[in-house]
Amino acid sequence: MGVKDVVTWTTLCSCYVNCEMPRQGLDAFREMGLNGVRPNVVTVSSILPACSELKDLNLGRVIHGFVVRHGMEENVFVSNALVNIYASCLSIKQAQLVFDMMSKRDVVSWNVLLTAYFSNRDCKKGVTLFYRMRREVVKLDGASWNAVIGGCLNNGQTEQALKILGQMQESGIKPNQITITSLLPACKELVTLRAGKEVHGYIFRNCLMEDLATTTALVFMYAKCGELELSPRVFDMIPRRDTVAWNTMIIANSMHGNGEEALLLFRKILDSGVKPNSVTFTGVLSGCSHSRLVGEGIMVFYSMRRDHSIEPDADHYSCMVDVLSCAGRLVEAYQFIQRMPMEATPGAWGALLGACRVHKNVDLAKIAANKLFEIEPDNPGNYVLLSNILVTAKRWEEASETRKLMRDGGITSTLLLPVIGVTSEARRYTSF
């Protein structure tokens, strides 16, 4: 190509960013400057999302300075991109400042700031901004409603989200797949399944059952509510199941202690040709742990690297410790921790400690607890559990030392240790 003008460079930068290659886009942007070609408003609005993607606040500020020096801040697309980069980098005050200085705003401008508040867990300001949009007669689109409903749900404000959902429908805007997939996980927090079933009915009436994300969220909702008869029915209706859909069903069975079913689903996913991922193995190993399927768990674990080229991470190792511990194979579990290629997590040591209580292995319990005291010294549960194990073993002096260690560290807990079957002599050790 001969001479590259601003249009050529802008097209190149935009292509990189749109193809999820932000770093290459920024490299092209720098090269553009080195070649003496001055970016225009289209170039700037195209490249700023790359800064947001990489959370490169410093470069975003440099480009912001360029925008101000060349009078580009009046362009709504440029200003929207600036608000987005500051929001993505958690600089909410700066995002608000850019927003307030905009002479012209469109609904995208409002939506970017709205999403920023909820992403930073400032639900109150997010809801306040949403109602300000309504007062100022901003033409809300589906993204506006989804941002506030999803934001409320992610911040635990389920009732507020349902109230706004009603307002959305009253305004004539129909909930779409994004609305539904954000709403379904919250249904498990409600008193009954009624809300979830109403959403299911809405999905069916509006022909959304073909949407994979929606039906997968529906499967998960029923599973979280303990409806293991309904979740497989929905799962069986999914025409093309991806790894996430299979993982959802595997995890659903694992969380309810159906390890055999989780293993059966794992075999089916392999037969279907869908490739399992790291989450798949976490779900299967968890099911093996709950159902004490030690041999099966060991086989699944060692097949990860050998058959599927998936390197086990700390969560997988912790699951295997749990598999061995729940089956009473405590020495093997401890040896497995010692052979781990990475530092054992609190989950691994916690699984061993919990099993030591069940199987009354005081010596290993002390080893596991001391490790947990190092890793998470402020967690009262570890002290409580060790003290309970020592009390059960009638090792009163050591239980007293654990209690003193906790008190000296300024660690408090409202947990009470079980006193059933404990003599009156021991009762003075049973609460913190």
statement: Phi-derived 3J(HN,Hα) across segment 58-71 with the Karplus relation (6.51, -1.76, 1.60, θ = phi - 60°), rounded Hz, x for Gly and Pro, is 4, 5, x, 5, 4, 5, 4, x, 4, 4, 5, 4, 10, x
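Please give me the summed charge of the neighbours of Asn382: other residues whose Cβ is under 11 Å from its Cβ, Lys and Arg +1, Asp and Glu -1.
Charge balance near Asn382 sits at -2.
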message: With Kirkwood's inverse mean 1/r over C-alpha pairs for Rh, give me the Rg to Rh ratio of segment 3-141, two decimals please.
response: 1.00
- prompt: For the chain, modelled as a GNM with alpha-carbon contacts under 10 angstrom, which of Glu73, Glu159, Glu20 fluctuates the most?
  reply: Glu20
- prompt: For segment 209-302, what number results from the quotient of the Cα radius of gyration and 2.2 N^0.38 Å?
  reply: 1.01
task: Compute the length gained on full extension between Val62 and Ser171: take 0.36 nm times their separation in residues and subtract their Cα-Cα distance, giving the result in nm to one decimal.
output: 35.1 nm
query: Percent relative contact order of the chain, based on C-alpha pairs within less than 8 angstrom and at least six residues apart?
result: 5
- line: GNM on the chain, Cα springs under 10 Å; top mean-square fluctuation among Thr248, Thr43, Thr179 goes to Thr43
Assigned charges on the beta-carbon of Lys, Arg, Asp, Glu; the chain dipole about Cα centre (debye): 720
Cut-off under 5 Å, modelled amide H: who pairs with Glu376 long-range: none
task: Mind jotting down the distance between the C-alpha centroids of segment 272-324 and segment 38-82, whole Å?
output: 46
task: Using a Gaussian network model of the chain whose springs link C-alpha atoms within less than 10 Å, name the residue from Gly196, Gly25, Gly71 with the highest mean-square fluctuation.
output: Gly71
message: Classify segment 1-80 from the C-alpha gyration tensor, please: rounded if a/c falls under 1.5, else prolate or oblate depending on whether a/b exceeds b/c.
response: oblate
message: From the P(r) of segment 106-173, could you give the percentage of C-alpha pairs in the tail past 20 Å?
response: 16
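Kirkwood-based Rg over Rh for the chain (C-alpha set), two decimals?
Expressed as Rg/Rh, it is 1.06.
Rule-based calculations on the coordinates, nothing more; no lab input. These numbers come from a predicted model, not from an experiment. Cβ sites come from the backbone with ideal geometry, for glycine too, and all protein chains shown count toward neighbours.
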